[in-house]
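Every number here is computed from the coordinates shown, using simple stated rules; none is lab data. From a predicted model like this one, the values you see are computed outputs, not experimental measurements. Counting neighbours? That spans all protein chains shown, and the Cβs are built from the backbone with ideal geometry, glycine included.
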């Protein structure tokens, strides 16, 4: 059963290998580079885009690691309400720029809205996650537009996206759009999404403690554990939804992030690199 704790030795071994990146004090950090694409001879650029969880507990060692990786910007997809609720404001990061790009507005965190959202999470069903991820898509256009436009600039920077406490849903949707735009196979995108099951494991106790304060989860630990699910079939269903509803990642970014054909061509050029000696 995928809700049970994973074997600690397996988790430690898996977290020590790519695509995971060790940033002490930050969970679930992964490199979205080195994936093969449908563009013959090209893969996604290594160490260009990292995904992960929130950085409120990052250590000085973690900050130094980010500097060595050449990180210049962190895009925070969380709302002010969310940050205040859990006391997870970003620390002083020195020269590293933190850009607030919240997916949801403050009013989307009303008790009524959160109760409905938690009810969907509690079911753990793929259909419920499709409703949740549709909400993300419907709200995230402006935030995602800011992040994707950063990829129009010369591809010499690494950018990170650290949304909620675990980096699964908003980050998963964003990562899926980026990888899909780059021509990464759906199976590989689903595998990246599923790795969050491992990446979240170190924060299991922290997440469960937070959820225990929510009425819907307080007396239902199985419902709380459903928050940890990141099944490949969920991501495959999401990619199908994006294709059917928006005409794929490119169609979504044009409609909701106001990107142009030229923007998308430039972004794709910047996130792809030759696997051997071919040129884009």
For the chain, the longest principal axis of the Cα atoms and the Cα long axis of helix 111-123 enclose an angle in degrees, to the nearest 10, of 80 degrees
Sticking with the crude label model, points 7 Å out along Cα→Cβ, report the distance from residue 34 to residue 241 in nm, one decimal please.
-> 3.1 nm
Largest fluctuation, 65, 78, 200 only, Gaussian network model of the chain with Cα springs under 10 angstrom, belongs to 65
Project the alpha carbons of the stretch 23-173 onto their principal axes and report the range along each, largest first, in whole Å.
-> 44, 41, 25
Based on the Cβ-Cβ distance from residue 153 to residue 24, what FRET efficiency comes out when R0 is 41 Å, to the nearest 0.05?
-> 0.90
Just the number, please: percent antiparallel of the DSSP beta bridges in the chain, rounded to the nearest 5.
-> 40 percent
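Using 0.36 nm times the number of residues separating residue 12 and residue 105, minus their current alpha carbon distance, what extension gain do you get? If you can, show how the numbers build up before the last one.
Numbers: separation 93, 0.36 × 93 = 33.48 nm, distance 3.65 nm.
So the chain would gain 29.8 nm between residue 12 and residue 105.
Enter the per residue convex hull volume of the stretch 58-125, computed from alpha-carbon coordinates, in Å³ rounded to the nearest integer. Kindly include the intermediate steps, with their values, before the conclusion.
Working: hull volume 8.4 nm³, N = 68.
It comes to 124 Å³ per residue, whole-number rounded.
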Out of 99, 264, 189, a Gaussian network model of the chain with alpha-carbon springs under 10 Å gives the largest mean-square fluctuation to 99
Please provide three numbers in whole Å: the alpha-carbon extents of the chain along the principal axes, with the largest listed first.
-> 57, 43, 35
Crossing angle, helix 232-246 versus the chain [Cα axis fit, 0-90 degrees, rounded to tens] = 60 degrees
Return one number: the angle in degrees, 0 to 90 and rounded to the nearest 10, between the long axis of the Cα atoms of helix 126-150 and the longest principal axis of the Cα atoms of the chain.
-> 50 degrees
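So what are the stretch 224-280's ellipsoid semi-axes, whole angstrom, largest first, if each one is the square root of 5 times an eigenvalue of the alpha-carbon gyration tensor? Write out the running numbers ahead of the final one.
On the way: eigenvalues 159, 70, 21 Å².
Over the Cα atoms of the stretch 224-280, the ellipsoid semi-axes are 28, 19, 10 Å.
For the chain, calculate the relative contact order in percent as a whole number, restricting contacts to Cα pairs under 8 Å that are 6 or more residues apart.
Working: 443 pairs, mean separation 73.0, N = 280.
Value for the chain: 26 percent.
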Could I get the Rg over Rh figure for the stretch 161-280? Both from C-alpha atoms, Rh via Kirkwood, rounded to two places.
-> 1.07
Could you give the length gained on full extension between residue 127 and residue 56, defined as 0.36 nm per residue of separation minus the Cα-Cα distance, in nm?
-> 22.4 nm
Candidates 69, 259, 177, ranked by Gaussian network fluctuation over the chain, Cα under 10 Å, top entry = 69
